[in-house]
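The values are calculated or read from the model by the stated rules, or taken from the named source; none is laboratory data. Computed from a predicted model, the values in this text were never measured in an experiment. A quick note on method: Cβ atoms are made from the backbone with ideal geometry, for glycine too, and the neighbour counts reach across all protein chains shown. Only protein heavy atoms, including side chains, enter the accessible area calculation; ligands, DNA and RNA are left aside. Shrake-Rupley method; radii C 1.70, N 1.55, O 1.52, S 1.80 Å.
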Amino acid sequence: ILGEHLRICPQGYTCCTSEMEENFANKSRSEFEAMMKEAGRSVQTTLTAQYRSFDSYFQDLLNKSEKALYDAFPSIYGELYTQNMKVFKDLYSELRRYYRGSNINLEEALNEFWTRLLERLFKLLNPQYHITDEYLDCMVKHAEQHKPFGEVPRDLKVKATRAFIAARSYAQGFLVGSDVVKKVSQVSLSHECTRAIMKLMYCPHCRGMSSVKPCNNYCLNVVKGCLANQADLNTEWKYLMDSLVGVADRIDGPYNVDTVIGTIHMRIAEAISNLQENKDSLTAKVFQGCGNPKISTKGSSSEDKKRRGKATLEPKSSAQALEMLVLDAKGNLTALKTYWITLPGSLCSKKVMASSAADDKCWNGMTKGRYGEDQGGQGRAGGQSSPGLQQGEGRDVTHHKADSRGSPHICLCAGDDMSGSGSGDSCPDDVCGKRLSKSPSTRQPETHAIPKQSGHGINGASSRSLPSAFLLLLSVAFIAAQHLWR
C-alpha cells in the first residue's frame, strides 16, 4: 500500500499500517532497552563477582586471625585473657564495622583498644593494690609516654589503617561501579531515539526487506547518538577502573592486607608480652607519677594471674590466594575500561546484528544500498554530527555544568589524614575539591541534563532522566585511592 500514513519509515510503498508502525516502534524501544540492560548485567556480574571474591577472602582472613587469638590466648595468658575477652571481641567487631563502611575513626578505635587493655592488664598484674577508676586515668596518662606495649600499637596503627583503608576502598569501588552500570543501563529511550531505533531495526520490514540487515556504520551512528550521555562517562569511568587497579597493586604490595590482617593476633600477643616484661619498671614509674595506691584486702594474685607465656602463634595468611585475586581483578578491570565507548559497537555487532562495513546491500535507513562512513564521534559532542540521527531528524544538544552546591556526589573517603575516619560516603568539601583537581581527567566534570524538547529533532540523549550526578560520582568516587597514591 502507499505509505503516506507513515510517520517514521520512508513514505514509499509499504507493508505497514499506522498501527503496525506504532507497534514496531514500541517493540524496537523495548528490545533496545532490554539490550542495554543485558549488556549492563554482564558488567555488573563481573564487578559483583570481584567484590564477593575479595570480600570473602578478607573476611576469612580476619576470622582466622580472631579464631587463632581465641584458641591460643587462654593457654598462654590464663586470666590475663579470660577476664579481658570482651576487649578483644570488641576490637575485631570494630574492625569489621569499619571495613563494612561504618562511620568509625579507625585510629581512635585502635587507641581505645590499647587503653582498655592497658587498664585491665595493669589491674590484673597488680592485684595486691586497690586501683580506682580515677587512678587508672592517671596511670594511662603516665604509662603512655613509657610505651607499655613497646612499638606495637604505633606500628600496627599505621599498617592496619593503611590496609583497611585500601581494603574498604577496593571493596566499595566495585560496588560503586556496579551500581553506576545498573542505573545507567536502565534509562529509557527518548521519543526521538525511539524513532531512530525503529527506523534502524524495523523500517526494513515495512519495505518488505525483513531479511536485510542494517548497515554497520548506520547502526553505529544511531546507537552512538542515543548513547551519547553514556559515552560521556568514559573519562571518569576509566579513572575509576584505573584507581581500582592501583589499589589492587597496593593491597598486594606496600599495604599488604594479607600480612597485616593475618598477623593482628600475633601483634597483640607481642604487645602483651612486652607489657609483662616491663611490668615492674612501668609500675614504678606509674607509682612515682600517680602515687602509691592502697593495698587491697583481697590479697595477692593466684599463680594463674601471674602466668606468663611466650606466644608462639602462626600468621593466618594466604598470600597465593590474594595474588590470584588481584591478577584476576586487574584483568577484568582493564577489559572494562572502554565499556561505555565500545558499547555501541558491541550492541550493533552482537544484538542488532548489523551487516558488515563493506556490505553495499544493507539497510541504510531509506532502502537497500551502501551507507556512508561512520562520521559520528564519541559522546554528545561527537553525536551532534551523527548522520544516522540527522536523516530527517535534527539534533539539539545542550551541555549543563553541575552545580556543586546542589548536586549529590559520592566520595569514598576513608580518612584524609590516614586516620581511617569517615563513613565512606562523604568528605569535607575542601578535601574532595582539592583531590578532584588531581584527577587524570583534563576537563572539569560535567553533567548532562536533558534539555526540554524543542519539537524538532533528537536531543542526543538515551533518556530524559539519566541521573545527573553520575559524572560527578565517578570523578570523586575514588578519593581514598588518590590519598593512597601519595
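Results, tabulated for the structure shown:
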{"quantity": "Coil-residue GluC sites (Glu not before Pro) of region 1-54, DSSP, other Cβ within 10 Å capped at 14", "calculated": "Glu4"}
{"quantity": "Electrostatic dipole magnitude of region 12-171 [Cβ: Lys, Arg +1; Asp, Glu -1; Cα centre; debye, to 20]", "calculated": "420 debye"}
{"quantity": "Area accessible to solvent at Cys193, 1.4 Å probe radius, in Å²", "calculated": "0 Å²"}
{"quantity": "Built amide H within the under 5 Å cut-off of Tyr129, gap 5+", "calculated": "Ser296"}
{"quantity": "Per-residue HN-Hα couplings for region 138-153 [Karplus 6.51, -1.76, 1.60; θ = phi - 60°; Hz; x = Gly/Pro]", "calculated": "5, 4, 4, 5, 7, 6, 4, 5, 9, 6, x, 9, x, 8, 4, x"}
{"quantity": "Of Lys67/Lys157; Lys330/Lys361; Lys86/Lys159; Lys89/Lys285; Lys64/Lys123; Lys157/Lys330, those spanning more than 32 Å from alpha-carbon to alpha-carbon", "calculated": "Lys330/Lys361"}
{"quantity": "Dipole axis of region 66-188 (+1 Lys, Arg; -1 Asp, Glu on Cβ), positive-most option in His142, Thr115, Pro127", "calculated": "Thr115"}
{"quantity": "Kirkwood-Stokes translational diffusion coefficient of region 92-131, alpha-carbon pairs, 25 °C, 0.890 mPa s, µm²/s", "calculated": "211 µm²/s"}
{"quantity": "Cα-centred dipole magnitude for region 80-189, charges only on beta-carbon of K, R (+1) and D, E (-1), debye, nearest 20", "calculated": "560 debye"}
{"quantity": "Alpha-carbon centroid distance for the pair region 76-120 / region 28-57, whole angstrom", "calculated": "38 Å"}
